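Shown next, in structure tokens, is the structure this report addresses.
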Amino acid sequence: MKTLFSGKSVFMFMFSILMACTVSARKPIKTLLITGQNNHNWQVSHIVLKDILENSRMFKVDLAVSPEKGQDMSNFILDFKPYSLVVLDYNGDSWPEETKNAFVEYAQNGGGIIVYHAADNAFPNWYEFNKIIALGGWEGRNENSGPYAYWHEGELIKDTSPGNGGSHGRQHEYMLTARDSEHPITNGLPNRWAHAQDELYDRMRGPANIANLLFTSYSDKETGGSGREEPMIFTVDYGKARIFHTMLGHCGPTYDNNPAMQCTGFQVTLLRGAEWAATGKVKQKVPKDFPTSSYLTYRYDYKAP
Ligand code: ZN
């Protein structure tokens, strides 16, 4: 009897069906984005964050939008258990105890967390939250919040001198410099890359339990900064949790006029940090449009070209 396919081609055919199923069955990472109060334009930033994450096809984002500032928060009860990633775009009134406890439990059980920009201004007096963000600013932070942390002569300095925590100079374009190129998030990215106009957070303080300092930026006194090399992107040492903290991404006035978030470098580091926080690995390739030290690039529509 003649067979239509040889054994090998049948095998290859079955194998390719299997591969196709495996790829299509790779479920997006379930993500919870918390927003609703911020001294920033959260109405735009949370849509942009959701779009960046979902346009990558790696994440499916649910939104938890809190009541407005000053309103009753008692029903803002969140369940973190279904999620592999929690994105913090929230700086406002205290969460109910039940939500705070559930969040700490999520982190302690090895949850993935992104601390985005002014989320690190939130909750100055919540001890565990400050351990989760490692460094924070404003809202009365001072020497009681923990040391200043900055890069100096090849090491991370923790400086306990007194003073307010959190400030920034004028918005401007600036350079990011890698301090750990081996980490899955930074591996393959340029050691120096240009970032679009943004705030450059300086003089941040907190427990300073940074696990891997990934990128720093020089905060120039010429632009009203600290004169120090400031930690901008890092991971946090908090038990089994995987926490990615990016201070970049001050939200602009509109979805289309939002340079700091339209910067390719911001978007790609966010996506790599998100994948790492959720899975412990980064499988994304370094994209061709990533900025270099000599030019910055934009993804105006929050999508890879
Ligand atoms: Zn800002």
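The values are calculated or read from the model by the stated rules, or taken from the named source; none is laboratory data. The structure presented is a predicted model; accordingly, all values stated were derived computationally and were not measured. FYI the Cβ positions are ideal-geometry reconstructions off the backbone, even for glycines, and counts take in every protein chain you see. Ligands, DNA and RNA are stripped out before the accessible areas are found, and what is left, the full protein with its side chains, is counted by its heavy atoms. Shrake-Rupley method; radii C 1.70, N 1.55, O 1.52, S 1.80 Å.
Size of the dipole of the chain about the Cα centre, Lys and Arg at +1 and Asp and Glu at -1 on the beta carbon, nothing else charged, in debye to 20? Write down the numbers at each step before the final one.
On the way: 30 positive and 33 negative charges, 335 e Å.
Dipole about the Cα centre, nearest 20: 1600 debye.
Report the extension gain between Leu156 and Asn55 in nm, rounded to one decimal, defined as 0.36 nm multiplied by the number of residues separating them, less their alpha carbon distance.
32.8 nm
How large is the dipole of segment 243-293 about the Cα centre if only Lys and Arg carry +1 and Asp and Glu carry -1, each at its Cβ, rounded to the nearest 20 debye?
Taking the Cα centre of segment 243-293 as origin, the dipole is about 300 debye.
Please work out whether segment 27-279 counts as rounded, prolate or oblate from its C-alpha gyration tensor, where a ≥ b ≥ c are the square roots of the eigenvalues and a/c under 1.5 means rounded, while otherwise a/b larger than b/c means prolate and anything else oblate?
rounded
Magnitude of the Cβ-charge dipole of segment 111-164, K/R +1 and D/E -1, about the Cα centre, nearest 20 debye?
The dipole of segment 111-164 has a size of about 140 debye.
Can you give me the accessible area per residue for the chain, using a 1.4 Å probe, in Å²?
For the chain, the per-residue accessible area is 47 Å².
Pull out a ≥ b ≥ c, the square roots of the eigenvalues of the alpha-carbon gyration tensor of segment 203-247, then state rounded if a/c is under 1.5, prolate if not and a/b is larger than b/c, and oblate in the remaining case. If you can, show how the numbers build up before the last one.
Details: a/c = 3.51, a/b = 2.47, b/c = 1.42.
Here segment 203-247 falls in the prolate category.
Roughly to the nearest percent, how much of the accessible area of the chain is carbon and sulfur, given a 1.4 Å probe?
Whole-percent figure for carbon plus sulfur exposure: 52.
Mean-square fluctuation check for the chain, GNM, Cα pairs under 10 Å: which of Lys158, Lys100, Lys221 is largest?
Lys221
Relative to the compact-globule scaling 2.2 N^0.38 Å, provide the ratio for the alpha-carbon radius of gyration of segment 52-92.
Computed over Cα atoms of segment 52-92, the ratio equals 1.39.
Rounded, prolate or oblate: pick one for segment 42-140, where a ≥ b ≥ c are the square roots of the eigenvalues of its C-alpha gyration tensor, a/c under 1.5 means rounded, and failing that, prolate if a/b is larger than b/c, else oblate. It would help to have the intermediate numbers written out before the result.
Working: a/c = 1.36, a/b = 1.26, b/c = 1.08.
It comes out rounded by the Cα gyration axes.
Would you compute, from DSSP H runs of 4+ residues alone, the mean residue ellipticity of the chain at 222 nm, taking -39500 (n - 2.57) per run and dividing by the full residue count, rounded to the nearest 500?
-7000 deg cm²/dmol
Give me, ordered by chain and number, the residues 5 or more places off Gly165 or on other chains with an amide H under 5 Å from its own placed amide H.
Hits under the 5 Å cutoff: Trp138, Arg141, Asn142.
On the principal axes of its Cα set, how long, how wide and how thick is segment 146-288? Give whole Å, largest value first.
For segment 146-288, the Cα spread along each principal axis is 42, 39, 25 Å.
Normalising by the residue count of the chain, find the relative contact order in percent from Cα pairs under 8 Å and 6+ residues apart.
18 percent
Which links in Lys30/Lys69; Lys221/Lys303; Lys60/Lys288 stretch past 31 Å when you go from one Cα to the other?
Lys221/Lys303
With each label point set 7 Å from Cα along the Cα-Cβ vector, what nm distance links Glu173 and Lys100?
Calculated label separation equals 4.4 nm.
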